[in-house]
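Take a look at the structure below.
The values are calculated or read from the model by the stated rules, or taken from the named source; none is laboratory data. From a predicted model like this one, the values you see are computed outputs, not experimental measurements. Because the Cβ atoms are built from the backbone with ideal geometry, glycine has one as well, and the counts that use them run over all protein chains shown.
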Amino acid sequence: MNRTHTIIFITAVSLLGFSCKEEVKPIAPKPSGAYRVVKTVSHQGLKVDVVIDKPEQNEVDVMLLYHGTVMDDAKIVEAAQSTLDEFKRILRRKNMMLISVAYPEENLLFGDNLPYAEAALLWLKQDAEQELGIKVGKVFLGGHSQGGYLVTRLNTIHETNGVIANGPGPLNLVYRCELEESGKIASGKVCTLLRNTYGTTTANPQAYRLRSLLNFTEGFKSDILFVQGLDDTPIQMYSWPVFKDNVIKCSNCRERQILELPGFGHPALFESAEAKDSFNAFIGRR
């Protein structure tokens, strides 16, 4: 079947303070009723923790969520819970199951956690019904910051019913890590690990380029909504116009919707009324 590839570009006329939540103690999933649980899931031997927020219904559409960067794996379950809370707060549908993935980061080269992100998605598609006693309908992906990076990459591999990426990045690791190497910004774990493995951005720029989100702007298998606050960090905004242009030009992608929000920063999706409306409308049409 021939598919029509379209793009919707929207322009609308402040860092996300995810609040710390008390850690939820793991309990055995129930066959029915609403609950929240932390569960270790696995696909082909690869294990990852997820936070499951189930509504009363047993036949559910599901949104799989991915948190932003925290770097310390002792904090990833907390980050997953906070991300779930933020998406749940803006989601108008109360009958969707939300599953937030506590993907690892510590001591991993940037991008090497993609298999864990993918394992959670494949578990949801292939094993969740039997393990949770539910019927899965539509599957959506949602991600913030590095989580937006992961859902964008997953969209080049697996088809779902739709993807939402807020402030996805890093867009350009060559630019970001060169700033650290030159002392213009403070050094961080992401670039330090890459430099220890590949050398500097001057010596080996391609290694950094291949892991940047700018390298993943083609072959989107599902419709995707990008939300970008135009008052985001200078590092993000330096490469955003190039990323946006590449996404618009994609000839083998499903529908791309780009929502730019002047006056909003990195957490634009969670702060802008326009973004919340677009987010819910995007889900509602699919």
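Odds and ends about this structure:
- Filter result for the condition that a residue is farther than 22 Å from residue 159 by Cα and basic (Lys, Arg), over 221, 249, 244, 189: 189
- Residues of segment 143-197 satisfying the condition of being among the small types (Gly, Ala, Ser) and either under 14 Å from residue 226 (Cβ atoms) or buried (at least 24 other Cβ atoms within 10 Å of the Cβ) (or both): 143, 145, 147, 148, 162, 165, 167, 169
- Strands (runs of 3 or more DSSP E) enclosed by segment 5-65 - at least 2 residues per element that are touching a strand residue (DSSP E or B) at 6+ places or on another chain (Cβ under 8 Å), of a type in the set (A, V, I, L, M) and at pLDDT 95 or above: 35-43, 46-54
- Residue, surrounded by the fewest Cβ atoms within 10 Å (Cβ to Cβ), within segment 219-270, restricted to residues that are among the hydroxyl-bearing types (Ser, Thr, Tyr) and part of a helix (DSSP H, G or I): 238
- Qualifying residue in segment 202-216 (condition: among the basic types (Lys, Arg) and either outside any helix (DSSP H, G or I) or closer than 20 Å to residue 264 by Cα (or both)): no
- Summed over segment 96-135, residues that are surrounded by 14 or more Cβ atoms within 10 Å (Cβ to Cβ) and among the basic types (Lys, Arg) total 1.
- Those helices (runs of 4 or more DSSP H) lying entirely in segment 85-190 with at least 2 residues modelled with pLDDT of 95 or more, over 19 Å from residue 65 (Cα atoms) and in contact with a Leu (Cβ under 9 Å, 6 or more places away or on another chain): 173-181
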